[in-house]
Structures are given as structure tokens and as C-alpha cells.
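The values are calculated or read from the model by the stated rules, or taken from the named source; none is laboratory data. This structure is a prediction, so every number in the text was calculated from the model and none was measured. Using ideal geometry, Cβ is built from the backbone for each residue, glycine included, and neighbour counts are taken over all protein chains shown. Calculation scope for accessible area: heavy atoms of the full protein, side chains included, ligands and nucleic acids excluded. Shrake-Rupley method; radii C 1.70, N 1.55, O 1.52, S 1.80 Å.
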Amino acid sequence: DGTTTRRVTLTRKPDQEADKPHVIANLRTQPPGLSGTIVCSAGGNTNSSSPVAGRYDCGPMIPGPGEIRFHVEGYGRGRTVFDVPRSGEIVVDVDVPRGGTIVVPISQDAGAPPILVDASGLAWSSGNGGGGLDASLEDVPQIGRAWVLRDMPPSTYTVTVDGRPRTPVPLASGATAIAY
């Protein structure tokens, strides 16, 4: 009966050469706990799941460049690139701010979707393991035919269409920006 205090020594299990590093995604939304779709990729391997919220176990990943994308439909998206270590476990934060919409008018039939690069140089239209953007081709009132990219995080974006860059366009949270 009762309780006692006892000091114990713990020894960490050494990493085995065959063990792949383990990656945990810490999905940070405001308000906390919004659920969405996650894509974890490294070394050409990808895993995705939906719906997820909070923390997500990306599982063992191949050492080297890695990427986590998280999209909350109708709210926003986050993307973090990082280096997967040779062994051990890491926690990677993925911030998902309230996003906005980028409209990219086009003058002819659709070619390839636009290339979108944010102010930090991160190319949102590319990505490991098929994590690219879901741009839709739409008829937008008072603009005409355009690519529409929703839930993009606030930043200044450079948009390239058919190899030609357009003037950088700032995007605020909850706003719409038009990339002429």
C-alpha cells in the first residue's frame, strides 16, 4: 500500500543499420485539430492519408531530402521540406495558415498548369511523390478562362505560364490575387 519514489536508469536501444529513420508530422492549424490530407515523401517513396489531424506518423522514410504536404480543403495548405536523418526519429512541424486563392488568366486553351513559386523560393507546383497542386481550369466571371489555385498560404508568388513568368503577386490570408 502507498507509493514510493525510485530512481531508475534507462538505456536507449542502439539504432540498427537496417532501421530506417522514423518521421512524425506535427500538423499545426489555427484553430488546432483541423483535419485534411497529408502526403509524406522521401527518396521517391510516398505515403498519403486522409482525414488526419494533429500528429501523423509518416513511418519509416529513406534518408535524404524529404517533404510533407498537408491540405485542409477550404482552409489552407502547408508544406515543409527537410532532411531525413540516417537513423532515429524526428518530429517535423507543418504550419497550415488560412489560405487564399490565386487566379491565373490564360488567353488560349489550357496548356500545362502554371508553375507557382513563393517568396522563399519553394516551388508549390512541383513536389515529391505526386504532391503537386490541384489547379482547376475554370471560367471566372469578369476574367474569362483561368487556372484557379485555392487554399494557398499567404506569400508573394511568382507565376510562370508556358515558360513565361508573370509579375509577382502578393496573396493575403482569405483573399484572392490575380496573376496577370
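Among the residues of the stretch 144-180, which ones are over 18 Å from Leu122 (Cα atoms), open to solvent by 50 Å² or more (accessible area, probe 1.4 Å) and of a type in the set (A, V, I, L, M)? Within the stretch 144-180, just Ile178 meets the criteria. Annotation: of all residues in the stretch 38-59 being over 18 Å from Ser87 (Cα atoms) and in contact with a Cys (Cβ under 9 Å, 6 or more places away or on another chain), the one that is least open to solvent (accessible area, probe 1.4 Å) is Ile38.
When Ser41 is tested against the conditions (1) in contact with a helix residue (DSSP H, G or I) (Cβ under 6 Å, 6 or more places away or on another chain); (2) farther than 30 Å from Ala177 by Cα, the lone failure is (2).
Residues considered: Val96, Val72, Val91. Of these, the only one that is surrounded by fewer than 15 Cβ atoms within 10 Å (Cβ to Cβ) and at pLDDT 95 or above is Val91. Among residues of the stretch 143-166 that are free of Cβ contacts under 8 Å to residues at least 60 places away in the same chain and more than 10 Å from Ala179 (Cβ to Cβ), those with a Cβ under 7 angstrom from a residue that is hydrophobic (A, V, I, L, M, F, W, C) and part of a loop (DSSP other than H, G, I, E, B), sequence gap 6+ or separate chain, pair up as Arg145/Ile106; Val148/Ala135; Pro154/Ala172; Ser155/Ala119; Thr156/Ala119. If you check Ile106, Ile62 for being touching a Gly at 6+ places or on another chain (Cβ under 6 Å), modelled with pLDDT under 95 and either more than 25 Å from Asp151 (Cβ to Cβ) or surrounded by fewer than 18 Cβ atoms within 10 Å (Cβ to Cβ) (or both), only one passes: Ile62.
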